[in-house]
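Input: a single structure, listed below in structure tokens.
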Amino acid sequence: MNKKVLIAICILYWNTLLVAQYKYDNTLYHTVYLEDLPHALKQSGHHLLLDVRSPGEYNDTSMYDNLNIGRLKGSKNITIRELDKRLNEIQAYKTDPVFLYCSHSQRSRRAGKLLRDSGFTNVINVNGGMTEFHLIKDNSKKLNSLFEKNTFFNLVSPESAYKLITSKKQLTILDVRSDSSFMSLTNDEKVNSFGKINGSIHIPLADLKTKLTSIPKTKPVLLVDAYGDESIIAAAILHEHGIKVIQVLFNGMDEWVYSDNFNGKEKVWEQSNAFGFISSVEFDTRMRKNPPPCIIDIRTNDEFNNQDKVMTYHNRGHIQNAINIPEGELSSRLNELEKYKSSEVIVYGLSSAPEAFGAAKYLANQGFKSVKVLTGGIWDLRWKAANNKGLSRMMSWVVDVPEDNL
């Protein structure tokens, strides 16, 4: 991940995690799932659709390339940072529906509380924001009709990318990760676990301009990277080169790993991990049908017990029946896990931190037969539960969440 993207993620992380996540959903303000948004807007009469991201994100001009992901048609932009000072601009909607959205539906939830505290009576959070939008938009013409962008490339979900790859139409799959990332030789076990898409051409972003002649101008291109940032830089280079149809795998191989194992995914994905992955949705199914015998939380003892005094947003509870063995203690406590060597073992952290992948690799190397990383950790479990239609039950798998971080 390049430095700009790391900074962007840190900013978003701090801005969205320092307050309660979901405790005000359908209590202080209402919520609407993206699938239901077109109908809700149509039925709401006089309403406001408010985008609370930064102006750069709203206009697809952000310096953070992977935050330029389009917007919803007809929306007004007031960044969350200025909303309390610009309430006079939306006073006409004080008793009318105000639909709020952002990138991950965290800033919009903060905005929802702010508006309700300021006397707005009909506030609705759009669950999932633009991130969820790009994961489901291709399955809904009505939802797609709400979308507009100022970019020349198209963002595609992992499932849509799979359909492109297997459509038998002409396609160049271009992977622009560094050599070490593409060959799984970095110091980051998460990046190493990404693997590669079969049939992809590998040209590192740093070398792309000097190797453009090897990329046919007449074929559509699917760009792949680690986190979605390098592909967008590469898209600009290809566009200048004269390639007209450019698709970008949304959030790169990170999103590919996060996604559920839709039918056929494994057939086009080459990986050499001694461990596997389990998505939040797949974990939910597993827990309801036949809970895994061993779930390991690799965070620190303080985080597991909600006692982190510095980064209090890390105090997010833990998964039901999980045992806490910090990654650094695995080797000294391996004897506690010997009885699970032939059983399914699921490892997780707060989100999708490299430590969980490192722990999974270590256990697999010690002879554990079925080790899986819960992609996204407890963060994604709760995010999916709050933002995906029909998955609210998943919230119950994370227990002991402090009141301030609900």
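A few remarks follow.
- Tally, over the stretch 333-361, of residues that are of a type in the set (A, V, I, L, M, F, W, C), touching a Phe, Trp or Tyr at 6+ places or on another chain (Cβ under 7 Å) and open to solvent by 10 Å² or more (accessible area, probe 1.4 Å): 1
- Residue check for LYS309: open to solvent by 20 Å² or more (accessible area, probe 1.4 Å), more than 24 Å from GLU189 (Cα to Cα), part of a helix (DSSP H, G or I) and of a type outside the set (Asp, Glu): no
For every residue, the table says whether it meets (1) touching a Pro at 6+ places or on another chain (Cβ under 8 Å); (2) farther than 23 Å from GLU230 by Cα; (3) surrounded by 15 or more Cβ atoms within 10 Å (Cβ to Cβ).
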site: ILE69; (1), (2), (3): no, no, yes
site: LYS76; (1), (2), (3): no, yes, no
site: LEU83; (1), (2), (3): no, yes, yes
site: PRO97; (1), (2), (3): no, yes, yes
site: HIS104; (1), (2), (3): no, no, yes
site: ARG107; (1), (2), (3): no, yes, yes
site: ASP117; (1), (2), (3): no, yes, no
site: ILE124; (1), (2), (3): yes, yes, yes
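- Residues in the stretch 351-368 that are out of contact with any strand residue (DSSP E or B) (no Cβ under 9 Å at 6 or more places or on another chain) and outside any helix (DSSP H, G or I): SER351, ALA353, GLN366, GLY367.
- Residues of the stretch 137-152 satisfying the condition of being surrounded by 15 or more Cβ atoms within 10 Å (Cβ to Cβ) and closer than 9 Å to PRO38 by Cβ: SER140, LEU143, LEU146
- Single residue of the stretch 236-254 satisfying the filter (in contact with a strand residue (DSSP E or B) (Cβ under 7 Å, 6 or more places away or on another chain) and more than 19 Å from LYS169 (Cβ to Cβ)) that is most open to solvent (accessible area, probe 1.4 Å): HIS239
- Subset of the stretch 362-390 that is open to solvent by 10 Å² or more (accessible area, probe 1.4 Å) and among the hydroxyl-bearing types (Ser, Thr, Tyr) - its residue that is nearest to GLY328 (Cα to Cα): TYR362
Condition check ((1) in contact with a helix residue (DSSP H, G or I) (Cβ under 6 Å, 6 or more places away or on another chain); (2) charged (D, E, K, R); (3) closer than 23 Å to PHE262 by Cβ) across all residues:
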{"site": "LEU143", "(1), (2), (3)": "yes, no, yes"}
{"site": "PRO158", "(1), (2), (3)": "yes, no, yes"}
{"site": "SER167", "(1), (2), (3)": "no, no, yes"}
{"site": "THR172", "(1), (2), (3)": "no, no, yes"}
{"site": "GLU189", "(1), (2), (3)": "yes, yes, no"}
{"site": "SER193", "(1), (2), (3)": "yes, no, yes"}
{"site": "ALA235", "(1), (2), (3)": "no, no, no"}
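- Pick from the stretch 193-219, criterion farther than 12 Å from ARG177 by Cα and in contact with a Ser or Thr (Cβ under 7 Å, 6 or more places away or on another chain), ranking: surrounded by the fewest Cβ atoms within 10 Å (Cβ to Cβ): PRO216
- Annotation: GLU338 fulfils all but one of (1) out of contact with any helix residue (DSSP H, G or I) (no Cβ under 9 Å at 6 or more places or on another chain); (2) not in a helix (DSSP H, G or I); the unmet one is (2).
- Within the stretch 193-252, the set of residues being of a type in the set (D, E, K, R), within 30 Å of GLY276 (Cα to Cα) and either modelled with pLDDT under 95 or in a helix (DSSP H, G or I) (or both) comprises ASP229, GLU230.
- Here VAL401 passes the criteria (1) open to solvent by less than 20 Å² (accessible area, probe 1.4 Å); (2) outside any helix (DSSP H, G or I); (3) touching a residue at least 60 places away in the same chain (Cβ under 8 Å) except the one numbered (1).
- Number of residues in the stretch 40-64 that are open to solvent by 30 Å² or more (accessible area, probe 1.4 Å) and in contact (Cβ under 8 Å) with a residue 60 or more places away in the chain equals 3.
- All positions within the stretch 160-171 that are closer than 25 Å to ASP60 by Cβ and crowded, with 19+ Cβ neighbours inside 10 Å: SER160, ALA161
- Enumeration of residues in the stretch 65-79 that are in contact (Cβ under 8 Å) with a residue 40 or more places away in the chain, hydrophobic (A, V, I, L, M, F, W, C) and more than 13 Å from GLU148 (Cβ to Cβ): LEU67
- Any hit, the stretch 320-332, residues being of a type in the set (Val, Ile, Thr) and open to solvent by 60 Å² or more (accessible area, probe 1.4 Å): yes
- Condition met for VAL373 (more than 16 Å from the chain's Cα centre (by Cα) and hydrophobic (A, V, I, L, M, F, W, C)): no
- Within the option set LYS211, LYS190, LYS163, LYS169, being touching a residue at least 60 places away in the same chain (Cβ under 8 Å) and of a type in the set (Lys, Arg) holds for one residue only, LYS190.
The values are calculated or read from the model by the stated rules, or taken from the named source; none is laboratory data. What you see is a predicted model, and the numbers here were worked out from it, not measured in a lab. Quick reminder, even Gly has a Cβ in these numbers, built from the backbone with ideal geometry, and neighbours come from all protein chains shown. Surface accessibility is based on the protein's heavy atoms, side chains included, excluding ligands, DNA and RNA. Shrake-Rupley method; radii C 1.70, N 1.55, O 1.52, S 1.80 Å.
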